[in-house]
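Visitor: Can you keep this structure in mind? I'll have questions shortly.
The values are calculated or read from the model by the stated rules, or taken from the named source; none is laboratory data. What you are looking at is a predicted structure, and each value in this text was computed from that prediction instead of being measured. We place every Cβ from the backbone using ideal geometry, glycine too, and count neighbours over all the protein chains shown. Surface areas here come from the heavy atoms of the whole protein model, side chains and all, with no ligands, DNA or RNA. Shrake-Rupley method; radii C 1.70, N 1.55, O 1.52, S 1.80 Å.
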Amino acid sequence: VQLQASGGGLVQAGGSLRVSCSASGGTLSTYDMAWFRQDPGKEREFVAGIRRSGSSTYYADSVKGRFTVSRDNRKNTVYLQMNSLKSEDSAVYYCAAGRPALSAMRSASMYYYWGQGTLVTVSS
């Protein structure tokens with residue numbers, strides 16, 4: 001499965017942005033999906049996750065209430081809607097596909113496939 005993340009860019013603090021992750025070579029509906037982000041020199045951190053059916057979603061405390069993860073399995077695409085963006089949200093955002101246990105959804109090592117990342121820069 002090849003994942004392609006897109007939609008990153010430069011946005012002012014308080015603004016919104018939606019990043020997308022599309023897949024080829026496989027069917028995303030058979031995978032749980034997650035978004036991670038990484039600043040240079042820092043570890044990759046979990047942002048949001050969504051189970052295969054889309055019925056359950058999970059968020060890092062730092063983005064809860066501001067970010068929404070969703071998926072359209074017919075389009076083989078996962079989205080991350082980011083609202084009320086803050087400067088500390090600036091990072092490279094990666095989508096990932098895997099089949100982690102519920103308790104391990106926040107662990108990057110549990111995901112098999114990764115997109116190339118899309119840069120989000122929030123100016124203050």
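Visitor: Between Glu88 and Leu10, what length in nm is gained on full extension when 0.36 nm per residue of separation is reduced by their alpha carbon distance? Walk me through the numbers before you get to the answer.
Guide: Values: separation 78, 0.36 × 78 = 28.08 nm, distance 1.32 nm.
Length difference between fully extended and current span is 26.8 nm.
Visitor: Hey, which aspartates and glutamates would be in cross-link range of Lys75, C-alpha to C-alpha under 20 Å, not counting anything within fewer than 8 residues on its own chain?
Guide: Filter leaves Asp32.
Visitor: Output wanted: per-residue J couplings in Hz (rounded whole) for segment 96-110, from phi through Karplus 6.51 cos²θ - 1.76 cosθ + 1.60, θ = phi - 60°, x for Gly and Pro.
Guide: 9, 10, x, 9, x, 4, 4, 5, 10, 4, 8, 9, 4, 5, 8
Visitor: Which percent of the accessible area of the chain is formed by carbon and sulfur heavy atoms (probe 1.4 angstrom)? Don't jump to the answer; show the numbers that get you there.
Guide: Values: 2810 of 6070 Å².
So the carbon and sulfur contribution to the accessible surface is 46 percent.
Visitor: Continuing with the same structure: Quick check for you: with a 1.4 Å probe and neighbouring chains kept, what is the accessible area per residue of the chain, in Å²? Mind dumping the intermediate values first?
Guide: Details: 6070 Å² over 124 residues.
Value for the chain: 49 Å² per residue.
Visitor: Roughly what % of Cα-Cα distances in segment 37-107 sit above 17 Å, to the whole percent?
Guide: Working: 1090 of 2485 pairs.
Distances greater than 17 Å cover 44 percent of the Cα pairs.
Visitor: Continuing with the same structure: Semi-axes of segment 1-53's equivalent ellipsoid from the Cα gyration tensor, sqrt of 5 times each eigenvalue, largest first, rounded to whole Å?
Guide: Values: eigenvalues 106, 41, 28 Å².
Working through the eigenvalues yields semi-axes of 23, 14, 12 Å.
Visitor: Right, next: Which distance in nm do the two modelled labels at Gln38 and Gln2 give, with both placed 7 Å along the Cα-to-Cβ direction?
Guide: 2.0
Visitor: What is the percent of Cα-Cα separations in the chain that go past 17 Å? Intermediate values should be presented prior to the final figure.
Guide: Numbers: 3858 of 7626 pairs.
The answer is 51 percent, as a whole percent.
Visitor: Can you give me the Cα centroid spacing of segment 39-74 and segment 87-124 in angstrom?
Guide: If you average the Cα positions of each part, the centres end up 8 Å apart.
Visitor: Set Lys and Arg Cβ to +1 and Asp and Glu Cβ to -1, take the dipole of the chain about its Cα centre, and tell me which of Val78, Tyr111, Ala96 lies farthest positive.
Guide: Sorting the options by dipole projection puts first Val78.
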